[in-house]
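Scroll down for the structure; my scribbles are underneath it.
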Amino acid sequence: MTQSAFERLRPICVRLSKEPSNDAIQQLRTLLQRMDEGALQPFQQYVLFPLRLILRDPKKMPAGCCENALGCIAKIFSCTTVSDWQVFSDFFSTLCILISPQANFGQVSDQAEEFKLAVILCFEELLKSASDTVLSRLYSPEFLPAVGHAVSVLLGLAELEKLKDLRVRSMTCLQHLAQCSGGESTSNTDQARACLASFLPGITLALSRAILGDPKQGQKVTTTAIHTWSKIVAMVMGDLHSPSQSDENSKCPSPKEGVANSPGRDLLVKRTPEWVESTAKKLDILIGRLVTMATNQSWKIRLTMVAFSEELLFSCKSSLSASVPKLLELLVSLIGDEYDQVAERCRRILETFAQAHMGGDGEGDGVGDGVGKPLVELLEENLHSLMTALPRLMRTADDATKLARLNLVIGYLKLLGPRISSLLHSVSHLRRLSLALIQVLELDLRDVKILEEATPHPESAACAMKAFHYCQARRKYFKHFADDRIYKAIVQVCHLLGKHGNITLLVDHFLDLFHESTSHRKQAVLILNEIMLGTVETRLDDSNKASWEGSASPALRDTEEIELAVRTLLQEYLLPAYWNLPTTPGQSEAAPAHKDTANWLVVSQQERGSISLAVLNSNVLLISLLLEGIGAFAQVLGPAFNLLLMECLYSVFEKLADEKSIISQSAYATMVQICMACGYQTIPALLSSNADYLVDAISSGLRHLEMNPKAPLVLQVTLRHSDAEMLPLLQDTIDEILLTLDQYHKELAAMMMDVLKTLVIAIYRWFPAGKENQTSSETEADSESAHDGGPTSQDPDPTDDHPVTHESIRDFFLEHLRLKRIAEGDVREEDIEGDIAEDLSEATGEGVEHGDEVDREKVLPMHVKTVKEVLERCLHFLSANDPRLRLKVLEIVRHGMLALQNHQDELLPLIHRLWPAFVQRFQDTDQLVTCRACQTLQTMADTGGDFIQKRVIKDVWPKLVSFLEAQAKISEKAGPAYRHTSACKLQSAILHCVGPVCTNTGMGGGELAKMATACLPYLSARQPEMLQTVALESFEAFAELEPDAIWLTLNDVYCPSTALPPHEGFPTHKFYGEINPHRGEYAKNIPRLLDQL
């Protein structure tokens, strides 16, 4: 078999020696692949000889010949074992020279990347195939320069090349050269360790540059470099082979037999304890740089860094003792990684390490001072130093570094677990931890929107929520960071403190910081809120929605301790010194208690503007955080929070009516959290259950208005969020409001009008028109059926119940003749007897029932009576001096009309009484008041119908017509800025209301023509666009009432074409609109109206 193999190899090898070619190399490679394993070993050098000749002068060879030859050599090495030192050293040197730069060492060789990759692959197979004897001479001192050359070449390729596969292969080859790739024989490991120790600085520096290089180089390059770095360092600096003073001589063999005089002996490093210590200090610097890769975006790189830490922690724990804290930090920072593979491996490594070192004495470890301490002590020291540096990092570092440091803190706290409680008993740790959190969570007070955002006062039924509506929590802006992930990490730190720490100690300490400085208040409140949430067993999600659906499960620790902490914090939060801080520039620190009611509302000029913008922003945010804290307390205590409602419900409702949007939104979120925690389905349900306390508090506040100026606001909020069941309970309070308005109408009119407006809107929401119409119609139908025994419609059709027959027609005419005879004076005896019988029956039975019905109608429903009393009070304020007050009164009148639209007997007399003062508002000095009067007039027309037709024609129409005619000449010449003027808004309001008013009052004839003529100029294209739009709407309403008259009016202004008579007998009529010189202005709008007609 050997002879047969030789006969097949010989011709190809001879041919290849004489004439190297790609075909010959390919044939040789094909033949090698067909040979059995082991058959090639005897002919190894014979086959390698012609291939070695090709590598001597690669430039003279055909293109691709050297690459093919290298591939063939790699195949030979993979099938055989290199046991001849001469062959190994020759190829070792040749391969290194092939890829070495010719001129400038340290730069990339100018060879093709494919060629260099083939050399590296061949080099790798050469190292794999070397026998133990060859490897023993490879790592000998005399061959140290050649090994150093190979190491430098491989590092140059790994660091400077562009081809990713070439860089990865170079580092893999370096691992084989260092005998640390895995699977190698351990017989030469000691020699390799001693040899590679000489090149450790260069290897670690070059690989560090590759690791920390361009992020675009690819994660495969980075992970291979990290793996190579850790393997080589663990092999050289491993604790199992670490030298000591006692066995230094045994570890470093004495020179003999000429080895001491070998040229490489001076280059060989003596691995003494001093050398290990010195090298460890230098490696610690590099490790400090490399651990920053733990924040890399690639999870594979982070996973490789975990393996990096594991390798060094368990292999070099003693020799690299100074770096152990850094490696532990890396693992701790990744224990909460978003990828389970990374987090689980970190957790497993730390558990293994903790089992060996959590006990504290480190017996048998042989570790240095840095690791000889218990792991708990080490974690506590690292946590202390980290919290010391955290404020500085938050001011200077980027967001990625900040997040990494916070994740590290979270990892430390998770590892410490229940030991956090004992850690916090240390004054130094507690002070450093609390101050770090206080400084990190400093809020940004420069946002002007904090004061600009005003609470939108709801004026429709939309404000009454049958279920909780999702309210997006306002994002908090911090001074030192902007990334939400950083804030979530800080919140998680607080949760861990609340979960494992001593609640009483934490509450007392942060309350001390709260009182210590005004600049610490907001941060202390925020931290306390999150710490209390951390006591809940079921963790709340970081998302805002989860906080709305937060569980109110019992706390982990003693419930009494939690309740005591909540009571303490609640009492502190509700102190007037913090709860009633000024939030507007004109608000003083505390309301002065003057005896005269007229004076306590006046703010002096010295107080006004004395508070800076930053302080106002700070106050708004502090109150918002206090409200969030109350919501958090409700989530923590759950149903037990019902016992604390009497202490905080009124105060929370007071903030719900605050004019600052941030405060009102926070108060609403707090109310929702209270409802969910205490088991209420809606806010009205919460109000109904606590109505007695709330109404009593409101009434008491109204009686002592000087001390409780926000009591009317609380009443407004109560009305806004309650249901109809609250009206009987609030009746006495409403009477007090009306009485206060009568007594202090000059000072408190504006405030009380806001309350009355909210009341009228609430009544209209509680008793909607559709439902009331349906109920009243059904009641009337039932009563009519009971009294008359006939159909219930106003014009009953006898055909509905009685078919038309000859008898019914005969009876109809007989009755008609009888009535006609009686009308002519021909009264007979039977007619008198019939009338007497009818009168008796009505007097005895039906008359009594009708009398009872009249009496019942005099008893008004409570809500109708309330609205009636409110509108009667408004009568005296329609002519108030303050235009803002007149606007509020008109708004109350408008909503009052809507609330009474189903009670015409009460509505129409009120309209009659309000009309004289109301009409004067169409000549008001403030045009905005006139605009609101137009809206109110439209509502009056909707509810009163033709009752106000003659009044409108007599009192309102002339004023509106004259204003429209005079202002049309001004608006058609005005520029774009005119639409922002009050005059333009008044024109729009009038044009918007005249159409519905005419429709609802049934107006027609000449009065409609007057208004149409006044509105006609606004169809001109020269008018502002918004006025043209509302004018079109008005004419559409006019056309429904008088289509023919409107058609003629429009054609007199603009006639698109001559109207042809239907017959030649009729004369042709020409409209003025055909020859109108200004007809072009109306060509845009009038044709649209004519098309509809």
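The values are calculated or read from the model by the stated rules, or taken from the named source; none is laboratory data. All figures in this text were calculated on a predicted structure; none of them were measured in a lab. Backbone-built Cβ (ideal geometry, glycine too); neighbour counts: all protein chains shown. Ligands, DNA and RNA are excluded from the accessible area calculation, which covers all protein heavy atoms including side chains. Shrake-Rupley method; radii C 1.70, N 1.55, O 1.52, S 1.80 Å.
Structure notes:
- Taking amide H positions as modeled 1.01 Å from N, with prolines and chain starts lacking one, the residues under 5 Å from Val82 and 5 or more places away or on another chain are Ala130, Ser131.
- Accessible-area value, Ser208, 1.4 Å probe, nucleic acids and ligands omitted, Å²: 10
- Per-residue SASA remark: Arg137, around 110 Å² accessible (1.4 Å probe; ligands, DNA and RNA not included).
- Per-residue surface analysis assigns Cys79 an accessible area of about 60 Å², computed on protein heavy atoms at 1.4 Å probe radius.
- Förster radius 35 Å - calculated FRET efficiency between Gln341 and Thr401 (Cβ-Cβ, nearest 0.05): 0.90
- Apportionment of accessible area to carbon and sulfur, the stretch 142-236, percent (1.4 Å): 56
- Built amide H within the under 5 Å cut-off of Phe478, gap 5+: Asp444
- Largest to smallest accessible area among Glu19, Glu344, Glu159 [probe 1.4 Å]: Glu19, Glu344, Glu159
- Under the combined filter of DSSP loop state and at most 10 neighbouring Cβ atoms within 10 Å, the stretch 963-1016 retains these trypsin sites (Lys or Arg not before Pro): Lys973.
- Heavy-atom accessible area per residue - the stretch 1-103, 1.4 Å, Å²: 52
- Accessible surface, per residue, of the stretch 889-989 when the full set of protein chains is kept, probe 1.4 Å, Å²: 42
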